[in-house]
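Structure record follows, encoded as structure tokens.
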Amino acid sequence: MPSMSLSRRSFLALSATLPWVFRGLASGAVASGTIPVGLELYSVRDALKQDPEGTLRAVAQIGYQAVEFYAPYFEWTEPQAKQTRKLLDDLGMRCYSTHNDADYLEPKNINRARDLNLILGAKYVVLAWSDPKSGADGWKAIADKLNSAAETLEPSGLKPGYHNHQAEFTGAPGQRPIEIIAKNTKPSVMLQLDVGTCLEAGSDPIAWIRANPGRIRSIHCKDWSPDPGVGYKTLFGEGKADWKGIFQAAESVGGVEYYLIEQEGSRYSELETARKCLQSFRATHV
């Protein structure tokens, strides 16, 4: 992550062209209820590369209460991580979790991941994806990796998590990869539900939440549309997801602690997309 030292200037230039960015905090708006809503920063990845500090300030001003950093955070120096944490504190935002490549949970890297996440104030170190080639045994190996990570992380107050894609929800009932992971991991391992990929795989996110009480402690609120050429580019609330049903299940049995908006792109700019999705989230989560 580049140095943030000159980013305030570029943030001011950004805000001059996007005046709506100041409405969130100025109006005192927060997410409905007491469960915070954050942004998975992959949603604003191009802006983040160009101007890390300015982008985080913009995300806070839109009204997001948290962020989830993704894989490039692992390349930060300790001073960069501390600088980022200070900025989050100044903005009143939290980092509850990070997304991590599989290699980050290996013995040679996991202590570094632990230390960076502790600096950021995170609770969960989430395995962002996996693609084993050996069927059920490969998915069991992923479960073993998560259990091993738990042994390293939990003494420091951190917990591992697993984030699904489409592949985890395919296969015969009872033999789907996500079921193998859930069955073979400790209850402390969070099952972070990506709603959009679950839907695209033809599965029911509400049923999955109810089948795993207390383990769906964060949710990627990404919608999905079956319309040709749309897919994940649909905005929150404009796709197939039954968000009211998902929220009800997540908060009654799932054990959700925070929500994360994630967007892989849309017909709008990254920050405008993030604003529109948060606006729709608030209108739905009442």
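The values are calculated or read from the model by the stated rules, or taken from the named source; none is laboratory data. Since we're looking at a predicted model, the values are computed, not measured. Cβ coordinates were reconstructed from backbone atoms using ideal geometry, including for glycine residues, and neighbour counts include every protein chain displayed.
Summary table
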item: Filter result (part of a helix (DSSP H, G or I) and buried (at least 22 other Cβ atoms within 10 Å of the Cβ)) within the range 143-165; result: 146, 149, 153
item: Yes/no for residue 238 being surrounded by fewer than 19 Cβ atoms within 10 Å (Cβ to Cβ) and within 16 Å of residue 36 (Cα to Cα); result: no
item: Filtered residue count, the range 199-216, keeping only those that are under 19 Å from residue 189 (Cβ atoms) and not basic (Lys, Arg); result: 8
item: Any hit, the range 81-89, residues being within 21 Å of residue 276 (Cα to Cα) and among the basic types (Lys, Arg); result: no
item: Count of the range 37-80 residues which are of a type in the set (A, V, I, L, M), assigned to a helix (DSSP H, G or I) and either buried (at least 19 other Cβ atoms within 10 Å of the Cβ) or modelled with pLDDT under 95 (or both); result: 9
item: Residue within the range 112-133 that is farther than 22 Å from residue 219 by Cα, of a type in the set (S, T, N, Q) and out of contact with any Cys (no Cβ under 8 Å at 6 or more places or on another chain) present; result: no
item: Subset of the range 216-239 (residues that are in contact with a helix residue (DSSP H, G or I) (Cβ under 7 Å, 6 or more places away or on another chain) and at negative phi); result: 216, 219, 220, 221, 222, 223, 224, 232, 235, 236
item: Residue pairs meeting the criteria (Cβ under 8 Å; at least 6 apart or on separate chains; first under 24 Å from residue 151 (Cβ atoms) and surrounded by fewer than 19 Cβ atoms within 10 Å (Cβ to Cβ), in the range 170-195; second modelled with pLDDT of 95 or more and charged (D, E, K, R)); result: 184/140; 184/144; 187/215; 188/154; 188/159
item: The range 249-286: number of residues that are more than 22 Å from residue 67 (Cβ to Cβ) and free of Cβ contacts under 8 Å to residues at least 24 places away in the same chain; result: 1
item: Positions within the range 81-129 being buried (at least 16 other Cβ atoms within 10 Å of the Cβ), in a loop (DSSP other than H, G, I, E, B) and more than 16 Å from the chain's Cα centre (by Cα), in sequence order; result: none
item: Residue that is modelled with the highest pLDDT [pool: residues in the range 166-180 that are more than 17 Å from residue 199 (Cα to Cα) and assigned to a loop (DSSP other than H, G, I, E, B)]; result: 175
item: Of residues in the range 272-286 being modelled with pLDDT of 95 or more and of a type in the set (Val, Ile, Thr), the one nearest to residue 34 (Cα to Cα); result: 284
item: Residue tally, condition more than 19 Å from residue 176 (Cβ to Cβ), within 18 Å of the chain's Cα centre (by Cα) and without any contact (Cβ under 8 Å) to a residue 40 or more places away in the chain, over the range 198-239; result: 4
